[in-house]
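Below is one structure; the comments refer to it alone.
The values are calculated or read from the model by the stated rules, or taken from the named source; none is laboratory data. Predicted model only: the values in this text are computed from it and were never measured. Cβ sites come from the backbone with ideal geometry, for glycine too, and all protein chains shown count toward neighbours.
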Amino acid sequence: MATHDSIGDFLTIIRNASSAGKETLTTQWSKMREGIAKILKEEGYISSYEVGGDAGKKVISINMKYVGGVPAIVGITRVSKPGCRIYFEYRSIPRVLNGMGISILTTSQGVLKDSDCRAKKVGGEIICKVW
């Protein structure tokens, strides 16, 4: 039986909302999802996000970003999957579109983007690529 990939689902929700031109999306909250949303916000791929809901049923709402009607997120792909995890040391983290995109990694210091991993000299599991 296949394992459930909640991060893959989250990326698909973002990808679908982006291609459908939706303004906001709301989905279940997790620490990892919030970490990804935080990086997407810092890098200008989404306009904002907020966490709400009750203690047991937290949700994360993301406000999508469009520039002249074009989604800020052109592509977002899952790299490391539950059945096939992909790790890199900080020196060998691949660049996305020659630095035009970002990789998001989960490290011992939390969820970080590729440039932060290189700066802090920490490697980790590459979650996804965004451009």
- Message: Exactly one of these conditions fails for residue 128: (1) more than 13 Å from the chain's Cα centre (by Cα); (2) modelled with pLDDT of 95 or more; (3) hydrophobic (A, V, I, L, M, F, W, C). Give me its number.
- Response: (1)
- Message: Can you pull out every residue in the range 40-75 that is of a type in the set (A, V, I, L, M, F, W, C), closer than 21 Å to residue 20 by Cβ and out of contact with any helix residue (DSSP H, G or I) (no Cβ under 7 Å at 6 or more places or on another chain)?
- Response: 40, 59, 67, 70, 72, 74
- Scan (1) under 21 Å from residue 125 (Cα atoms); (2) modelled with pLDDT under 95 for the single condition residue 43 breaks and write down its number. (2)
- Message: So in the range 99-126, with the set limited to residues that are of a type in the set (Val, Ile, Thr) and not in a loop (DSSP other than H, G, I, E, B), which one is surrounded by the fewest Cβ atoms within 10 Å (Cβ to Cβ)?
- Response: 107
- Task: Using the structure shown, decide if residue 65 is modelled with pLDDT of 95 or more and within 16 Å of the chain's Cα centre (by Cα).
- Result: yes
- Starting from the range 96-110, keep only residues that are more than 16 Å from residue 72 (Cα to Cα), then list their pairs with residues that are acidic (Asp, Glu) and part of a strand (DSSP E or B) whose Cβ atoms are within a distance under 6 Å, requiring at least 6 positions of separation or different chains. 106/125
- Query: Just wondering, is there one or more residues in the range 29-44 that are among the β-branched types (Val, Ile, Thr) and either farther than 16 Å from residue 131 by Cβ or without any contact (Cβ under 8 Å) to a residue 24 or more places away in the chain (or both)?
  - Reply: no
- Item | Single residue of 74, 96, 70, 79 found to be of a type in the set (A, V, I, L, M, F, W, C) and within 22 Å of residue 31 (Cβ to Cβ) | 79
- Message: What pairs come out if I take residues in the range 66-87 that are touching a residue at least 12 places away in the same chain (Cβ under 8 Å) and among the polar types (S, T, N, Q) and pair them with residues that are surrounded by 11 or more Cβ atoms within 10 Å (Cβ to Cβ) and part of a strand (DSSP E or B) whose C-beta lies under 7 Å away, six or more apart or interchain?
- Response: 77/128; 77/129; 80/125; 80/126; 80/127
